Amino acid sequence: MIIPIRCASCGKPIAQLWGDYQRRTAQGESAKTVMDELGLVRYCCRAQFMGHVDLIDEIAKFKKG
Amino acid sequence: MEIKLLSQDKTQVRVVVKGTTPAEMNTYRRTVLTTLPAMAIDTVEFVENSSALYDEMLAHRLGLVVLKTDTESYFEKAKCKCKGAGCARCTLELTLEVEGPGIVYAEQLKSKDPAVIPVHGKTPLVKLLDNQKVKLIAHAILSTGQEHIKFSPGLLYYQGYPQIKVGAVKNPEAIAEMCPTNVFEADSKKLTVKNKEACILCMACVDASKGDVEVSGSATDFILTIEPWGQLTPGQMVDGCVDALHEQIDALSEEIKKLK
């Protein structure tokens with residue numbers, strides 16, 4: 001829904017890097033180089049980014065039950 | 001014990017520690033993880049929350065936000081003079097009041113103490129649409145990783161110092177290329193170790209050379225990595241770890257003295 005504040009596995013704070021990652025990958029840079037440069041070394045943190053889909057824009061349109 | 005600095009950058013410090021045991025290294029790792037105090041948001045009072053996230057989800061996200069910690073002027077609740085009631089020496093109030101549209105960042109949290117603020121200001125907390133509003137009061141406390149992992153100041157981990165033996169290798173270039181951390185250098189028919197400390201003991205070269213390259217991790221020498229999340233500096237982490245261990249050992253010897 002929204003990028004987790006920290007990596008679920010190792011606990012590294014990652015949410016502050018998401019904006020950069022999203023912008024740079026949208027411009028056509030490969031996810032690998034962006035993640036390397038952002039300092040996401042372990043595959044647990046990288047998986048958080050690669051598997052994430054921002055759905056909050058969609059969900060925010062509907063009222064909470 | 002012999003210590004040598006290997007590398008140091010913004011995110012981590014690596015040192016070589018020689019002449020010790022895995023048990024000792026593991027003691028440091030566990031102490032940093034569980035007994036070093038750091039600050040984090042513990043309770044959140046919501047005044048208004050019309051965002052897409054439920055109160056509980058937003059409170060959980062706030063709890064995980066990394067706060068710069070001042071261990072000098074704050075005390076753990078149990079050790080505070082107020083005996084856990086909550087006073088300015090053990091709890092800190094942060095407030096957040098924002099209206100949409102836009103992303104709400106951690107830097108918009110207003111802290112009563114300018115020394116304790118979010119380390120990563122650009123951490124997105126929630127995204128608001130037009131007419132959506134969040135208003136809350138959060139209380140941060142000082143506690144340890146034993147209570148909740150969000151209070152942990154970072155990671156300290158170790159691996160055995162790599163010992164690499166290169167025998168008569170048939171395909172040096174292929175092995176040098178397949179190493180994920182570029183430990184080897186291959187010139188025509190010879191494989192040489194170029195960057196031993198980068199080895200992560202993945203054993204890919206051992207498998208590919210069918211045993212011609214031998215890799216093992218030392219049981220007495222270690223590469224120790226200190227990776228702070230931002231609450232404390234690497235130096236503060238090591239100092240705090242040593243102090244916490246001293247405290248525990250003193251408490252143990254006190255108890256043993258009583259037995260006599």
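We did not get these values from a lab; they are worked out from the coordinates using the rules stated. No experiment lies behind these values; they were computed from the predicted model shown. Neighbour counts are summed over all protein chains in view; Cβ atoms, including those assigned to glycine, are modelled from backbone coordinates with ideal geometry.
Excluding same-chain neighbours fewer than eight residues apart, the lysines reachable from B:Lys257 by a Cα-Cα span under 26 Å are B:Lys79. With θ taken as phi - 60° and the Karplus curve 6.51 cos²θ - 1.76 cosθ + 1.60 applied, the whole-hertz 3J(HN,Hα) list for the stretch A:35-44 is 5, 4, 6, 7, x, 8, 8, 6, 6, 5 Hz, x standing for glycine and proline.
Binning the C-alpha pair distances of the stretch B:38-141 at 5 Å intervals from 0 yields a P(r) profile of 2, 13, 24, 24, 17, 10, 6, 3, 1, 0 %, listed from the shortest bin outward.
Convex hull volume per residue, computed on the Cα atoms of the protein assembly as shown, equals 184 Å³. Altogether, the Stokes-Einstein calculation at 10 °C and 1.306 mPa s, with the Kirkwood radius of chain B over Cα pairs as Rh, returns a diffusion coefficient of 73 µm²/s. Using C-alpha pairs under 8 Å with a sequence gap of at least 6, the mean separation divided by the residue count of chain A gives a relative contact order of 42 percent. Three principal axis extents describe the C-alpha atoms of chain A; from largest down they are 40, 29, 17 Å. Of the residues A:Phe62, A:Phe49, B:Phe46, the one with the fewest other Cβ atoms within 10 Å heads the list, and the complete ranking is A:Phe62, B:Phe46, A:Phe49. The loop-placed trypsin sites (Lys or Arg not before Pro) in the stretch B:156-256, going by DSSP, that have at most 16 neighbouring Cβ atoms within 10 Å of their Cβ come out as B:Lys170, B:Lys189, B:Lys194, B:Lys210.
Stokes-Einstein diffusion of the stretch B:1-53 at 37 °C, 0.692 mPa s viscosity, Kirkwood radius from Cα pairs, rounded to a whole number: 214 µm²/s.
The loop-placed GluC sites (Glu not before Pro) in the stretch B:49-79, going by DSSP, that have at most 14 neighbouring Cβ atoms within 10 Å of their Cβ come out as B:Glu72.
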